[in-house]
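Asks: A single structure is presented below for examination.
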Amino acid sequence: MADGIPYYINQFWTAAQRQAHVLHEISYRACFKPQLPAFFIERLTQPGDGVLDPFMGRGTTPVQAALMGRRPLGSDINPLSVLLTRPRLAPPTLGDVAAALGRVTWEQPGDVPEALLAFYHPETLLRICALREWLSREAPLSDNLPDPAVDWLRMVALNRLTGHSPGFFSVYTLPPNQATNVAAQLRINARRGQVPPPRDVAAIILRKSRRLMAAGAPPPHPPARLATGSADKLSHIAAGSVALVVTSPPFLDVVQYAQDNSLRCWFAGIDAATVRIDMHRTEAAWQRMVRATLTELARVVRPGGYVAFEVGEVRQGKLLLERLVWHAAEGLPFARLAVMVNAQRFTKTANCWGVDNNSKGTNSNRIVLLRRKEVATGDQM
């Protein structure tokens, strides 16, 4: 107990790498491990129940929900999230992916930004641009039901744009799980004395697809509902239809989400300037965002349903965001149950950022667990 808040500290799930279903193995910064939503889905829901993440990022919670036979529900302010999540809920066959690659008009690259030669060999860049041009015609962003194989191609390509191995389209880049900017990449190239090598775009996509499909598709589950929008305006989610929310919002001004995804937005045809990702620079502003989100969650979560609201450590553990969440829930129709702290040791991803184990950054998952109260007179959100 600390400041009147009950804490439970343990290693509730493993922090080891590659312990989850391979469908989760796509690159994205600042995402929790699939074991986190799996822990709560297993204990607090039944097959067919709706599981929601209103800050879904790469889609960890919806994908895990599908893998466990629950109904995947999600939203995010960035349109990239739907593009990264939707294809993995109902993957095509590898043969369908290969056939779609065979239809790509590789000889029609369209606009070719020369600045991107900081990342790519000239021939590789031509093929990336040709794939981008073809995808914009075959699966425009306005299409909510694109061809599954084409949708899958775009998802995989978005995750192969930059990285630190020959499994990516680019020369070596850091950080390894995001798209850096041109100026930073030129400095990396100069420091390492490297020149972007040619890459076989189609072969890389097929190889990554084979890996993602290795453990099979999710089992039958209720149809997903995904949307692009703010976490405090979930118009695509019916009142009282959610059994469990597992989510994690942006942590104050720690991560530059818009900058991180600028190259992915370019490839997908998204104007990054229009993606209004808030950077909350004060505790009060961040807490107001949490309060607005919890108010909307009180509408969509059914009586007796749960919210697992995860925050990591920021400012070397000096700012306890879970306490801001705890107080933000005061007065809403939630019973505040406890804060669960999943203590863990850093693994491969953290070390790639040059962060020593258990010294800086996010050393634990800190989850505020809430339960939606039963409906009472006047409790209509």
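Asks: Taking 7 Å along the Cα-to-C-beta vector as the label spot, tell me the GLU330-ARG187 distance in nanometres, rounded to one decimal.
Replies: Calculated label separation equals 4.3 nm.
Asks: Let me ask something else. I need the calculated FRET efficiency for the pair TYR8 and LEU145, taking r as the beta carbon distance and R₀ as 41 Å, to the nearest 0.05. Before the final figure, lay out the partial values.
Replies: Values: r = 43 Å, r/R0 = 1.05.
Taking R0 as 41 Å, the efficiency between TYR8 and LEU145 is 0.45.
Asks: Can you sort ARG264, ARG372, ARG29 so the residue with the fewest Cβ neighbours within 10 Å comes first?
Replies: Numbers: ARG264 23, ARG372 26, ARG29 18.
Final ranking by Cβ density, sparse to dense: ARG29, ARG264, ARG372.
Asks: Which of the three applies to segment 94-212, rounded, prolate or oblate, going by the alpha-carbon gyration tensor with a ≥ b ≥ c and a/c under 1.5 meaning rounded? Please list the in-between numbers first.
Replies: On the way: a/c = 2.00, a/b = 1.68, b/c = 1.19.
Prolate shape, in that a/c is at least 1.5 and a/b is the bigger ratio.
Asks: Can you sort SER235, SER170 so the residue with the fewest Cβ neighbours within 10 Å comes first?
Replies: Values: SER235 10, SER170 26.
So the residues, fewest neighbours to most, are SER235, SER170.
Asks: Counting helices only, and only those DSSP H runs with n ≥ 4, report the 222 nm mean residue ellipticity of the chain as the sum of -39,500 (n - 2.57) divided by its residues, in deg cm²/dmol to the nearest 500. Intermediate results must be reported in sequence, preceding the final value.
Replies: Values: 13 runs with 131 residues, N = 381.
Value at 222 nm, helices only, nearest 500: -10000 deg cm²/dmol.
Asks: Now for a different question. Total Lys pairs in the chain closer than 23 Å by alpha-carbon, pairs eight or more apart in sequence or interchain only? If you can, show how the numbers build up before the last one.
Replies: Numbers: LYS33/LYS208; LYS33/LYS348; LYS33/LYS360; LYS208/LYS348; LYS233/LYS373; LYS318/LYS360; LYS348/LYS360.
Lysine pairs satisfying the spacing and distance rule in the chain number 7.
Asks: Need one word for the chain: rounded, prolate or oblate. Basis is the Cα gyration tensor (sqrt eigenvalues a ≥ b ≥ c); a/c below 1.5 gives rounded, then a/b vs b/c decides. Provide the component values of the computation, followed by the final result.
Replies: Working: a/c = 1.94, a/b = 1.50, b/c = 1.29.
Prolate.
Asks: Hey, in the GNM for the chain with a 10 angstrom Cα cutoff, which one of ALA183, ALA328, ALA157 fluctuates hardest?
Replies: Its mean-square fluctuation being the largest, the pick is ALA183.
Asks: Using the basic label-point model (7 angstrom from Cα toward the beta carbon), what is the ALA217 to LEU337 distance in nanometres?
Replies: Simple spin-label model gives 3.3 nm for this pair.
Asks: Something else now. Using the alpha-carbon atoms, what tilt in degrees (0 to 90, nearest 10) does helix 201-212 show relative to the longest principal axis of the chain?
Replies: Tilt relative to the chain: about 30 degrees.
Asks: If each residue's Cβ is checked for other Cβ atoms within 10 Å, how do ILE128, ILE9 rank with the fewest at the top? Mind showing how you got there, number by number?
Replies: Values: ILE128 23, ILE9 12.
Ascending Cβ contact count within 10 Å gives the list ILE9, ILE128.
Asks: Compute the angle between helix 35-44 and the longest alpha-carbon principal axis of the chain, please, reported from 0 to 90 degrees and rounded to the nearest 10.
Replies: With rounding to tens, the tilt is 40 degrees.
Asks: For the pair MET1 and ARG207, how long in nm is the line joining their label points, each one 7 Å along Cα→Cβ?
Replies: 5.8
Any read-out appearing in this document is the output of simple, stated calculations on the displayed coordinates, not a laboratory observation. This structure is a prediction, so every number in the text was calculated from the model and none was measured. Note that each Cβ is placed from the backbone with ideal geometry, even for glycine, and that neighbours are counted across all protein chains shown.
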